[in-house]
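The values are calculated or read from the model by the stated rules, or taken from the named source; none is laboratory data. Remember, predicted model here, so these are calculated numbers, not experimental data. All Cβ positions, glycine included, derive from the backbone under ideal geometry; neighbour counts span all protein chains shown.
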Amino acid sequence: AAAGALHLVAHPRPGRFAGRPDTALQPLDLDAPRLGAEMPADFTWNRLLSYDACVSCGRCETACPAFAAGQPLNPKKLIQDLVAGLSPAEPAYAGAPYPGGRDAMGGRGALIELVGPEARIHPDTLWSCTTCRACVEECPMMIEHVDAVVSLRRSQTLELGALPEKAVGPVTELRQAGEAGGRPLAARTDFAAGLDLPVLAPRGRTDVLLWLGEGAYDLRYGRSLRALVRLLRQAGVDFAVLGPEERDTGDLARRLGDEATFQALAKANIATLAARDFGRIVTADPHALHALRNEYPAFGGRYAVMHHTAFLLELIRAGRLAPGRLSDVSVTYHDPCYLARYNGETEAPRAVLDAIGVSRVEMARSGRRAMCCGGGGGAPVSDVPGERRIPDLRMAQAAETGAGIVAVACPSCTAMLEGVPDRKAEIRDIAELLLQAVEAGR
Ligand code: SF4
Ligand code: SF4
């Protein structure tokens with residue numbers, strides 16, 4: 001009780017008590033003698049206190065998609081393993097272990113190595129996390145599991161060079177090519193062939209800078225972006241893209257613990273943006289939105305950033321888009337973690353769906369309590385095997401609603417849910433549905 005009360009007073013994210021999302025990762029001083037957390041003593045005292053405040057209620061475990069998929073991660077056990085570093089005796093823990101049947105191992109004390117094949121936390125436990133924040137959202141003690149995971153990952157990546165094998169390629173490409181697939185930056189706009197996408201030149205001016213993100217390279221997601229571009233044209237929006245000057249925001253590198261690559265990409269993008277004149281940034285990618293809106297300010301980049309669903313709603317309400325009604329269509333909306341939980345935005349996508357007259361049904365887990373698609377935190381590139389796949393679980397939840405369409409608002413969600421075999425429902429971005437309604441209303 002004492003630890004709990006003191007933890008709330010000294011909470012590492014006081015912004016949460018002001019009712020606003022306080023979800024940006026803290027910048028790491030890359031000149032510090034030790035990078036990230038390797039042992040309990042590497043965490044600050046108020047972080048350690050927060051782990052000791054865990055009441056073992058298990059709500060984080062119930063919410064965790066990786067645990068549900070039988071990957072070797074249980075956020076409750078993870079916090080208890082961090083507590084073990086504080087205690088001279090093994091703390092009592094009668095909860096579920098990490099899935100996969102690994103016996104408890106590793107020592108106790110503030111100076112033990114926390115992560116390793118023979119340590120308390122297996123590396124696969126660390127890399128299973130999608131950084132979805134469902135555990136944080138549920139925790140009655142307001143413990144910050146994701147911060148703990150990223151601190152441990154930073155040590156693995158920056159101190160030990162121990163990234164998961166499959167993540168080495170994308171992170172190396174991010175560092176060298178500014179893009180996780182190593183493709184030319186100019187190819188980001190290939191999806192828009194024939195659309196005559198305006199590119200914002202240095203010293204040029206536009207009302208809306210459209211940030212394309214990593215999804216622009218994906219053939220399927222190109223359809224969603226084409227729909228968005230056509231809607232912007234239809235509404236007469238003055239917009240442009242950065243073209244070959246848009247680098248990855250660094251979201252993937254940062255979640256995988258490679259803070260050095262993230263900071264290099266952030267600084268390069270901020271320098272590019274400083275040479276352009278624009279009103280606000282609009283993006284269809286919640287991961288890019290989160291980095292640009294919440295994480296770039298720590299490096300001097302401050303922008304008004306909107307998700308495309310909020311911007312499209314604004315255009316509908318201003319009468320600049322006049323959608324018809326798709327009244328015979330039944331839709332369930334899957335909230336992206338980085339939009340709903342990280343940024344508190346749950347209403348605009350639903351309001352757009354309501355404006356086009358679809359019959360909207362909610363999944364049992366929705367809004368800020370929605371279940372992750374499995375696509376965040378570098379989990380798809382780490383690819384830790386489980387007993388099931390997270391997107392399969394999510395699509396089964398969607399199927400329970402009976403909806404014929406799962407509406408999405410994120411390129412990662414689109415890719416993960418489209419990849420589910422034997423899907424009963426179609427996956428459509430909200431921009432695609434809105435374009436269909438606008439064309440039906442003509
Ligand atoms: S952030 Fe999501 S995946 Fe990671 S431990 Fe928490 S609930 Fe599990
Ligand atoms: S939800 Fe919070 S208090 Fe409950 S078991 Fe998880 S970490 Fe502990």
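What number of residues within segment 207-222 satisfy the criterion of being farther than 18 Å from H307 by Cβ and crowded, with 16+ Cβ neighbours inside 10 Å?
Residues flagged as farther than 18 Å from H307 by Cβ and crowded, with 16+ Cβ neighbours inside 10 Å within segment 207-222 amount to 3.
Any chance segment 71-85 includes a residue that's more than 14 Å from ligand 2 (Cβ to nearest atom) and at pLDDT 95 or above?
Yes, because at least one residue in segment 71-85 is more than 14 Å from ligand 2 (Cβ to nearest atom) and at pLDDT 95 or above.
What is the one condition in (1) under 30 Å from A5 (Cα atoms); (2) touching a residue at least 40 places away in the same chain (Cβ under 8 Å); (3) away from ligand 1 (no atom under 12 Å from the Cβ) that A96 does not satisfy?
The one condition A96 does not meet is (2).
Is segment 324-336 home to any residue that is under 26 Å from G15 (Cβ atoms) and part of a helix (DSSP H, G or I)?
no
Somewhere in segment 243-266, is a residue surrounded by fewer than 23 Cβ atoms within 10 Å (Cβ to Cβ) and touching a strand residue (DSSP E or B) at 6+ places or on another chain (Cβ under 6 Å)?
yes
Looking at H122, H145 in this structure, which one is in the same structural domain as D103 (by TED's automatic domain parsing) and either away from ligand 2 (no atom under 16 Å from the Cβ) or free of Cβ contacts under 8 Å to residues at least 24 places away in the same chain (or both)?
Step by step, each of H122, H145 is checked, and only H122 is in the same structural domain as D103 (by TED's automatic domain parsing) and either away from ligand 2 (no atom under 16 Å from the Cβ) or free of Cβ contacts under 8 Å to residues at least 24 places away in the same chain (or both).
Does E61 qualify as being surrounded by 14 or more Cβ atoms within 10 Å (Cβ to Cβ), over 30 Å from T261 (Cα atoms) and under 21 Å from the mean Cα position of the chain (by Cα)?
Yes, satisfied.
Quick test of your reading of the structure: C372 fulfils all but one of (1) under 13 Å from the mean Cα position of the chain (by Cα); (2) without any contact (Cβ under 8 Å) to a residue 60 or more places away in the chain; (3) not in a helix (DSSP H, G or I). Name the failing condition by number.
(2)
Of the residues that sit in segment 64-93 and are assigned to a loop (DSSP other than H, G, I, E, B), of a type in the set (A, V, I, L, M) and farther than 17 Å from E118 by Cα, which one is farthest from ligand 1 (Cβ to nearest atom)?
Checking each candidate, the answer is A89.
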